[in-house]
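In what follows, a single structure is set out as structure tokens and then discussed.
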Amino acid sequence: MSLAGFKVGERRLLLSCTLVLTAVALGWALHFMKPIMVPLVLAILLSYLVNPLVDLIQVRLHIPRPIAIVLALIFAALVMAFVAFLLVYSIKDLAGNAKFYEQKFVDLGSSALTQAQSMGIPVDTDTFMAELRTIEFAPMLLEVFGDLLDSISTFLLVLICIVYIVAGRTPYANRKGIYKEIDHKIRKYLIIKVTVSLITAIIVGVALELIGMPLAVVFAVLTFLLNFIPSIGSVIAIILPLPVALVHFDSLGPVLMVLLIPGTFQFVIGNVLEPQFMGESLNLHPITVLLSLIFWGMIWGLAGMVLAAPITAVLKIVLERIEATRAIANVLAGNLPGEADA
């Protein structure tokens, strides 16, 4: 259909409606294809980390690239197996003390009930205590263990995808144009983000272990993963150990240490050190990052929130190269039309 017979305002309205309908249809398709798309996109991003390792093995050991790919993936699988072992060991240790923590939880609830009654807050004591006693930690831990096994199976699918992506990837020196720009920005973002997240996770894990917090390894791994979620991820990582700390410790001092010490490190690393290294690597406005977090979270859940920033950055680079959509790319970067004229 030709737009020649329409006025300028009508053309813009028609284009806007078309874009909205396209976005809705695309969003539904992406949500429907989540089991396929999430491992594929995750594999593409992880290939940026695996590929330099492949190049290093190939150059230093003077071996063919296919063998270098296999060795790099074996190394990645061993690292993941080690992390999985630590997680399973921690969860198994907690499961062995499930009855102890259930009783501690009941005692904590009883203390809270006494405090509420002393403040004149009406509470049905029998119902409240009966509900507390129905809570069992063992089934919860079994559910977590099942989710961990599902994650491992998904990771195996991701590894298979990485093999094909890395094997068919063009050498960095031979890349040109938009492909090279995307590759450079995503590579820089991921390398810095992984390094910063790993440092943060190690510091948090060591701090929690020294405080005497159970599941320190689990919370360290969660800190590493949640750090990839912009803005809210680090906040969730700080708050996450709090319920376990309240049940485990008898006094308020260690609980405050669990909250404040990792929180201080998270704040310094996330708000001082990381911006210094990251700079304008993605060139996205904070509001854009927040909206992309909401959008991709609705489409793909937690995985979408982790992948939101790099996906939006790639979209912005593509939009910049198309004349008709360059204005949208400028808005994503926070460069509004009125500000350009000022």
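Some points to look at:
- The listed peptides 108-121, 221-234, ordered by packing as a protection proxy, come out as 221-234, 108-121 (highest mean of other Cβ atoms within 10 Å first).
- Measuring r between the beta carbons of LEU13 and VAL331 and using R0 = 22 Å, the FRET efficiency lands at 0.75.
- Packing-based ranking, highest mean first, of 318-327, 201-210 given that Cβ atoms within 10 Å are counted: 201-210, 318-327
- Size of charge dipole - the chain - debye, nearest 20, with Cβ of Lys, Arg +1 and Asp, Glu -1, no other charges: 1600
- The stretch between TYR179 and LYS92, if pulled fully straight at 0.36 nm per residue, gains 26.7 nm over its current Cα-Cα span.
- Helix-only CD estimate at 222 nm, as mean residue ellipticity for the chain, using -39500 (n - 2.57) per DSSP H run (n ≥ 4): -27500 deg cm²/dmol
- Nitroxide proxy distance, nm - points 7 Å out along Cα→Cβ at THR264 and ILE202: 2.1
- Three-way shape call for segment 192-281 based on the alpha-carbon gyration tensor, with the a/c threshold at 1.5: prolate
- A simple spin-label model places the labels of GLU323 and ILE36 3.5 nm from each other, with each point 7 Å out along Cα-to-Cβ.
- Gyration tensor verdict on segment 282-335 (Cα atoms; rounded if a/c is under 1.5, prolate if a/b is larger than b/c, oblate otherwise): prolate
- Most tightly packed first, judged by the mean number of other beta-carbon atoms within 10 Å of their residues, the peptides 34-44, 304-314 read 304-314, 34-44.
- Potential extension, ALA77-LYS188 segment - 0.36 nm per residue separation minus Cα distance: 37.7 nm
- Between ALA130, ALA84, PRO39, the Cα set farthest toward the positive side of the dipole of segment 33-169 (charges on each charged residue's Cβ, about the Cα centre) is that of PRO39.
- Restricting attention to the chain, lysine pairs at least eight places apart or on different chains and with alpha-carbon atoms under 30 angstrom apart total 18.
Bear in mind that the values in this text are calculations on the coordinates, not laboratory data. Keep in mind that what you see is a predicted model, and the values were worked out from it rather than measured. Because the Cβ atoms are built from the backbone with ideal geometry, glycine has one as well, and the counts that use them run over all protein chains shown.
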